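Asks: One structure, pasted below without further comment.
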Ligand code: ATP
């Protein structure tokens, strides 16, 4: 079942075609990541899907609704989605618990605030004022506010900026559990390891156009990319790119009696693939 359907989406700011004909199809229960450099058009696209920006052209359906809809239907729409924006929530004179309790009341299916506090790892800070939280803790509260309404669809715009490594891992586990419960998630991130860990599919976007949609494992022909075998010989690092790394290692085993010095076998990371895709698209645009 399709949760987001986008055809030929366009949005310009003056002469700047921020979104220049984007097609997207995201199914229920999927974690979908939008990847792209600064200014690629990710936030513009996502905010159109959230109903925060109007579009210049194209067809958009989110949970079967056009997000530009107004009135009562807009409220119903908002009740079914969760949003974590790029900017953090305002500092306030309410505590974490009071804030989440307050917002929970806005939704038809508001979640238990205590459960959400625990899920985002803020139990020790539940009684503290928001303005006393650190940047990363504030971000966790943003995520808590995004999920407090039991959303069917959750938008996460660079959700883990400012998180320490432990908090990122905890967040990934939280997102995984939301997906397991059937929540569809649209994520933008600059962390390629985050996209790899979370996303079922990724779209690479640059200059308002989608370059490719694929699984993280298959993006840019990654699954068939050559492996890099590196080792040291006479104090100098050697390197061979090969489709058969095992054969290369077997040859080296014969060549060296005992341990092969500084042996490593690696494949292109998602970041390697992403960077070369963006670079090629920049070259084509010049
Ligand atoms: P980042 O990774 O930096 O968040 P992004 O991919 O989310 O980037 P957008 O914020 O969608 O990029 O911006 C796409 C383009 O549209 C950029 O060139 C930006 O300058 C322009 N743009 C975005 N919002 C506006 C606006 N309100 N007015 C004018 N131009 C805008």
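Asks: With the requirement that a residue be surrounded by 16 or more Cβ atoms within 10 Å (Cβ to Cβ) and within 7 Å of the ligand (Cβ to nearest atom), what does the range 30-66 give you?
Replies: Hits for the range 30-66 are 36, 37, 40, 41, 42, 43, 44, 45.
Asks: So, in the range 143-179, exactly how many residues are more than 16 Å from the ligand (Cβ to nearest atom) and either assigned to a loop (DSSP other than H, G, I, E, B) or not assigned by TED's automatic domain parsing to the domain that holds residue 193 (or both)?
Replies: Summing the residues that are more than 16 Å from the ligand (Cβ to nearest atom) and either assigned to a loop (DSSP other than H, G, I, E, B) or not assigned by TED's automatic domain parsing to the domain that holds residue 193 (or both) in the range 143-179 gives 7.
Asks: Tally time: how many residues in the range 120-131 are part of a helix (DSSP H, G or I) and either buried (at least 21 other Cβ atoms within 10 Å of the Cβ) or in contact with a strand residue (DSSP E or B) (Cβ under 9 Å, 6 or more places away or on another chain) (or both)?
Replies: Looking only at that region, the number is 2.
Asks: Of all the residues that make up the range 194-210, how many are assigned to a strand (DSSP E or B) and within 16 Å of the ligand (Cβ to nearest atom)?
Replies: 7
Asks: Can you tell me which residues in the range 118-131 are in contact with a helix residue (DSSP H, G or I) (Cβ under 8 Å, 6 or more places away or on another chain) and more than 15 Å from residue 150 (Cβ to Cβ)?
Replies: If the condition is that a residue be in contact with a helix residue (DSSP H, G or I) (Cβ under 8 Å, 6 or more places away or on another chain) and more than 15 Å from residue 150 (Cβ to Cβ), then 121, 122, 123, 125, 126, 127, 128, 130 are the ones that fit.
Asks: Kindly provide the set of residues from the range 58-86 that are out of contact with any strand residue (DSSP E or B) (no Cβ under 9 Å at 6 or more places or on another chain) and at negative phi, ordered by number.
Replies: 65, 69, 70, 72, 75, 78, 79
Asks: Out of 98, 115, report the one residue that is farther than 30 Å from residue 208 by Cβ, away from the ligand (no atom under 16 Å from the Cβ), without any contact (Cβ under 8 Å) to a residue 12 or more places away in the chain and surrounded by 15 or more Cβ atoms within 10 Å (Cβ to Cβ).
Replies: 98
Asks: Then there is this: Given the conditions (1) surrounded by 14 or more Cβ atoms within 10 Å (Cβ to Cβ); (2) within 9 Å of the ligand (Cβ to nearest atom), report the number of the one that residue 9 does not fulfil.
Replies: Of everything listed in (1) surrounded by 14 or more Cβ atoms within 10 Å (Cβ to Cβ); (2) within 9 Å of the ligand (Cβ to nearest atom), residue 9 misses just condition (2).
Asks: List every residue pair whose Cβ atoms lie under 6 Å apart, where the two residues are 6 or more positions apart in sequence or sit on different chains, the first residue falls within the range 259-276 and is under 11 Å from residue 227 (Cα atoms), and the second residue, located anywhere, is surrounded by 15 or more Cβ atoms within 10 Å (Cβ to Cβ).
Replies: Cβ pairs passing all conditions: 265/227; 265/229; 265/245; 266/228; 267/227; 268/222.
The values are calculated or read from the model by the stated rules, or taken from the named source; none is laboratory data. Keep in mind it's a predicted model, so treat the numbers as computed, not measured. Here Cβ is always computed from backbone atoms with ideal geometry, including for glycine, and neighbour counts include all displayed protein chains.
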